[in-house]
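Here's the structure we're looking at; comments come further down.
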Amino acid sequence: MSGVHESQQDVDIDLGGLFGAIWRNRMRVLLATVACAGIAFAGANLIAPKYKSEARLLIETREPAFTTGQDRAQGGEQPAFDEAGIASQVQLLQSADLIKQVARNMKLYELEEFDTTAKPSAVSDVLVLLGLRKNPLDLPPEERVLKEFTEKLTVYQVERSRVIAIEFASKDPRLAAEIPNEMAKVYLSLQSGAKLDTNSEATRWLEPEIANLREKVREAEQKVAEYRSQSDLLQMGDNSTFAVRQLNDISTELARVRGERANAEARAESVRAVLRNGGAPDTLSDVVGSQMIQRLKESESQIQGQISDLSTSLLEGHPRLKGLRSQLSGIRTQIKAETQKILSSLENEAKTAELRETQLTQQLNRLKADTARAGEDEVGLKALEREAAAQRQLLETYLARYREATSRTSNNATPADARIISAAVEPTEVSFPKVIPITVVGGVAGFALSSIIILLAELFSGRALKPTAAAAAATSRRREEEEVVVETPELAETVEEPVVHADREALREPVVPARSLLSDMEPEDEDEEEPEVPEIAAAEAEEDDDDYSIAAVAAYLVENDIPVAISVSPSGDRGSAATVMLARRIAQENRKTLIIDLTGSACPTRLMAQSQFLPGITDLLVGDAAFGDIIHGDRLSDAHIIPRGNANTRRAMRGIDRLAMVVDSLSDAYDTVIVECGAAEVEGVRRLTRDQQMDIILSLPGADEDEVVELLTAFGDAGYSEIVLMTGEAQEPSGHPGRRAA
């Protein structure tokens with residue numbers, strides 16, 4: 001099985017040989033190309049030519065010419081067609097009803113091109129007689145034409161537009177142009193007819209509804225009038241009732257009377273104050289405005305003038321002067337009497353206004369009660385008015401819609417929501433077959449097929465395969481392995497059979513002194529006293545029957561899902577090679593496995609990596625490489641390896657604490673991480689694990705019992721309780737690997 005694997009991996013395809021084979025058979029390729037081109041040319045000429053023509057429709061919302069701006073404002077603009085609307089129109093153009101209408105209009109069922117079953121063949125007649133086929137003539141002519149018509153028709157939406165293209169293919173160029181145009185006309189008539197049907201149906205439905213609404217409006221308005229008269233809610237011109245209007249008038253009159261009363265009282269009080277204080281009455285406006293007072297004042301002035309004139313010529317005791325003075329005193333008395341009359345008149349006016357105010361107040365109170373009662377009655381009245389207004393508004397809406405629908409029922413009143421923007425014209429060129437392109441494609445196909453046949457023949461015969469540069473080296477290594485195995489049979493027994501043969505390469509490596517990178521660590525300063533070494537119990541003789549083979553250890557790590565294992569190989573490269581075989585064995589169980597090379601001889605790196613000089617763990621610890629640069633794949637399995645690296649080991653081992661963190665991080669990404677420490681001492685392993693309890697694998701192929709007990713005791717003294725022994729014996733695992741723990 002390994003030989004097959006090597007043969008598959010150690011050959012390459014000779015591209016030069018493949019192209020050389022095609023060149024050597026160029027005449028065959030040329031003949032095949034010419035033959036296929038000739039066949040394609042002949043076949044294209046034998047096919048009956050077909051012509052294609054195309055008509056295009058623009059889908060848009062169209063309104064009648066008589067639609068006014070006001071009608072559009074009331075009805076609202078109709079939304080433009082969206083993608084779904086255009087797709088619906090495409091399906092309408094492909095509908096069977098439209099196609100049947102076109103076929104009837106153009107009498108396509110009379111043409112042999114569209115009704116191939118009209119003249120059935122003899123085979124078809126036999127099948128019909130035997131009952132194996134239904135007689136196509138039983139179907140109506142439109143049904144027979146439908147299938148053939150659909151195959152020749154193509155309706156599609158022009159990309160990113162509202163244009164629909166109607167394309168039709170026919171043997172007759174005239175039909176190829178006439179059918180798309182006829183389809184466009186039938187489509188437009190169907191669209192317009194659908195609108196007419198809608199308007200007609202709306203008219204028929206609105207007529208009884210309008211009559212019913214008129215009766216409802218009349219009844220509602222009659223109820224309003226009856227309720228208004230019963231409730232004495234007479235309607236005034238300004239949308240108010242009689243009671244409200246009367247209340248407003250009385251309120252206005254009451255305010256006026258109260259003003260007059262206040263005015264009369266104020267005037268009387270002013271006259272009264274003048275008389276009480278002995279002032280001149282003629283200073284009052286009411287007194288001065290009296291005609292009697294004015295005449296008395298004129299007489300007083302005349303008498304006063306006479307007295308003044310006579311006093312210059314007569315003595316004070318003259319009878320004439322006494323008579324004039326007596327007249328003057330009488331006139332003044334009359335003036336006071338008239339003033340008292342004016343005061344009485346003002347007081348009477350104030351009393352009259354007060355009485356008028358009292359009467360108006362009483363009347364106002366009565367009207368308030370009547371108005372409150374009328375307000376309660378108006379609640380029912382308003383409800384009846386709202387009902388009547390709603391019925392009236394609905395009636396007006398129906399009447400408007402009825403007039404609009406009636407105006408659209410005439411012919412050509414409702415244009416279709418589409419128009420022809422490009423009519424189909426009679427084609428002059430054949431759309432199919434294209435003789436020259438078909439001939440070229442046939443020639444290219446012949447060339448490709450003949451070339452592929454020649455290439456496959458070369459590949460299956462093995463003439464196009466050549467060995468790789470590594471094939472010779474692999475062959476020489478196998479020979480050397482066989483020699484080494486023959487010379488060292490005791491080592492061959494330690495190698496397990498299931499691992500691939502290249503793992504045996506580790507057993508023939510030159511013996512390198514046992515060494516580990518952990519030996520290059522600087523010693524820790526320890527001031528504490530060393531703990532006392534406990535007594536170690538020797539291994540019992542019956543434990544010799546336990547299985548410590550590589551397969552058993554691999555099964556233990558897989559079944560117990562051990563994330564990190566520290567492998568110590570005191571025997572040097574032989575133990576490290578066994579650890580490599582352990583990692584490969586675990587990788588065969590479909591587990592992501594990683595081995596970290598901390599050996600001094602870089603044995604795992606030599607066995608697994610492509611080169612010994614790849615960047616590795618030491619380069620990471622000194623900061624010369626990143627994680628992605630140090631992880632490499634195994635040459636012979638799915639396992640991965642982190643090589644030793646090329647940096648200075650002492651400088652790298654100064655970051656031993658960082659190494660422990662690196663191992664923890666890798667355990668999160670891999671199922672199993674094996675740290676191969678080589679011939680490491682217990683102190684170095686303890687610093688690597690940072691006193692954590694980890695599984696320790698002692699790789700001791702061919703070791704004696706005393707050496708095993710000594711190592712187990714040393715690790716037990718260091719506090720490690722999980723120790724797995726791996727001796728590399730060749731038998732298959734018989735159960736869980738045993739443990740030897742201090």
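Listing for the model above:
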{"read-out": "Residues of the range 198-243 classified as modelled with pLDDT under 80, aliphatic (A, V, I, L, M), assigned to a helix (DSSP H, G or I) and in contact with a Leu (Cβ under 9 Å, 6 or more places away or on another chain), total", "value": "1"}
{"read-out": "Residue check for Ala87: modelled with pLDDT of 85 or more and within 53 Å of the chain's Cα centre (by Cα)", "value": "yes"}
{"read-out": "Of all residues in the range 300-351 being open to solvent by less than 80 Å² (accessible area, probe 1.4 Å), in contact with an Asp or Glu (Cβ under 9 Å, 6 or more places away or on another chain) and without any contact (Cβ under 8 Å) to a residue 60 or more places away in the chain, the one that is nearest to Val274 (Cα to Cα)", "value": "Ile335"}
{"read-out": "Residue match in the range 91-110 (condition: in contact with a strand residue (DSSP E or B) (Cβ under 7 Å, 6 or more places away or on another chain), of a type outside the set (Phe, Trp, Tyr) and either open to solvent by 50 Å² or more (accessible area, probe 1.4 Å) or at pLDDT 80 or above (or both))", "value": "yes"}
{"read-out": "Boolean, Ala32 is modelled with pLDDT under 90 and among the small types (Gly, Ala, Ser)", "value": "no"}
{"read-out": "Tally, over the range 163-197, of residues that are under 17 Å from Met106 (Cα atoms) and part of a helix (DSSP H, G or I)", "value": "18"}
{"read-out": "Qualifying residue in the range 413-426 (condition: closer than 30 Å to Val163 by Cα, of a type outside the set (A, V, I, L, M) and either over 52 Å from the mean Cα position of the chain (by Cα) or at pLDDT below 75 (or both))", "value": "yes"}
{"read-out": "Members of the range 637-660 that are closer than 16 Å to Ala587 by Cα, open to solvent by 60 Å² or more (accessible area, probe 1.4 Å) and out of contact with any Gly (no Cβ under 9 Å at 6 or more places or on another chain)", "value": "Asp638"}
{"read-out": "Within the range 601-616, considering residues that are in contact (Cβ under 8 Å) with a residue 60 or more places away in the chain and surrounded by fewer than 24 Cβ atoms within 10 Å (Cβ to Cβ), the one farthest from the chain's Cα centre (by Cα)", "value": "Ser601"}
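The values are calculated or read from the model by the stated rules, or taken from the named source; none is laboratory data. Not measured: the values here are computed from a predicted model. Every residue, glycine among them, receives a Cβ derived from its backbone with ideal geometry; neighbour counts consider all protein chains shown. For accessibility, only protein heavy atoms count, side chains too; no ligands or nucleic acids. Shrake-Rupley method; radii C 1.70, N 1.55, O 1.52, S 1.80 Å.
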